[in-house]
Amino acid sequence: MKIGDEYSIVEKISETAGSRVFRAKNRVSGDGVIIKHLSMNNPTAADRARFRHELEIIKSIDCPGIVRTLDLYEDGEEIVFIVEDFNGISLDNFIRINRFGVEAFLPVAERIANTLGIIHDRGIIHGDIKPHNILFNSRTSEVKISDVGISSLLARSEAGIRIRKIEGTM
């Protein structure tokens, strides 16, 4: 299936060396979605397995503070995530264009901490918390964490282990 058959692109949101992100509409339902197209040449079987693992992790989290992943498409060289669109923008972009004092940020920080607490209780470590991966809708005050891609699902038996090294961004 080609993404263009089911979705129409509304706008490009961002582009990095690793991905292109678009806001789109489902052609049938009219629902808004975000399309994250991974920029990979010749993705390996390990790459594809990692993305399927990410999808499994995200779908296992029933938490309103996490951006829901709706689907994963693999079509030849193309790997594309379809995620919910709640009209949020990354916190780094929001701060760049808006005044956002400490008093206004505290409720946002509380929502982020609560969401991290929920996913940590479920044995999931995000591993890349940064303003780019936190989305904020200023009209609704919704805050959601995205890009759970390098998350680690900890086995319950490992919950008591001593951590010697932490990787990721914080």
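What to note about this one:
- Pairs with Cβ under 6 Å, 6+ apart, first in region 79-102 and free of Cβ contacts under 8 Å to residues at least 24 places away in the same chain and within 14 Å of Asn133 (Cα to Cα), second among the aromatic types (Phe, Trp, Tyr) and open to solvent by less than 20 Å² (accessible area, probe 1.4 Å): none
- Residue pairs whose Cβ atoms lie under 9 Å apart, separated by 6 or more positions or on different chains, with the first residue in region 126-147 and in contact (Cβ under 8 Å) with a residue 12 or more places away in the chain and the second in a loop (DSSP other than H, G, I, E, B) and among the β-branched types (Val, Ile, Thr), are Gly127/Ile166; Leu135/Val67; Lys144/Val67; Ile145/Val67; Ile145/Ile129; Ser146/Val67; Asp147/Val67.
- Counting the residues of region 1-25 that are polar (S, T, N, Q) and surrounded by 15 or more Cβ atoms within 10 Å (Cβ to Cβ) gives 1.
- Single condition Phe105 does not satisfy, out of (1) touching a strand residue (DSSP E or B) at 6+ places or on another chain (Cβ under 6 Å); (2) farther than 30 Å from Tyr7 by Cα; (3) of a type in the set (A, V, I, L, M, F, W, C): (1)
- For Thr69, the requirement of being over 22 Å from Thr140 (Cβ atoms) and of a type outside the set (Lys, Arg) is not met.
- Qualifying residues in region 59-74 (those that are in contact with a Lys or Arg (Cβ under 7 Å, 6 or more places away or on another chain) and under 21 Å from Leu38 (Cα atoms)) - the one surrounded by the fewest Cβ atoms within 10 Å (Cβ to Cβ): Glu74
- Gly123 vs. criteria at positive phi and touching a Leu at 6+ places or on another chain (Cβ under 9 Å): yes
- Residue pairs whose Cβ atoms lie under 8 Å apart, sitting 6 or more positions apart in sequence or on different chains, and linking a residue in region 37-58 that is closer than 14 Å to Ser19 by Cβ to a partner that is hydroxyl-bearing (Ser, Thr, Tyr) and in a helix (DSSP H, G or I), do not occur here.
Here is a yes/no grid of residues against (1) modelled with pLDDT under 90; (2) over 27 Å from Ser14 (Cα atoms); (3) of a type outside the set (Gly, Ala, Ser); (4) not in a strand (DSSP E or B):
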{"residue": "Asn93", "(1), (2), (3), (4)": "no, no, yes, yes"}
{"residue": "Arg96", "(1), (2), (3), (4)": "no, no, yes, yes"}
{"residue": "Glu103", "(1), (2), (3), (4)": "no, yes, yes, yes"}
{"residue": "Ala109", "(1), (2), (3), (4)": "no, no, no, yes"}
{"residue": "His120", "(1), (2), (3), (4)": "yes, yes, yes, yes"}
{"residue": "Lys144", "(1), (2), (3), (4)": "no, no, yes, no"}
{"residue": "Ile166", "(1), (2), (3), (4)": "yes, yes, yes, yes"}
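The values are calculated or read from the model by the stated rules, or taken from the named source; none is laboratory data. For clarity, every value in this text was computed on a predicted model and none was experimentally measured. Here Cβ is always computed from backbone atoms with ideal geometry, including for glycine, and neighbour counts include all displayed protein chains. Surface areas here come from the heavy atoms of the whole protein model, side chains and all, with no ligands, DNA or RNA. Shrake-Rupley method; radii C 1.70, N 1.55, O 1.52, S 1.80 Å.
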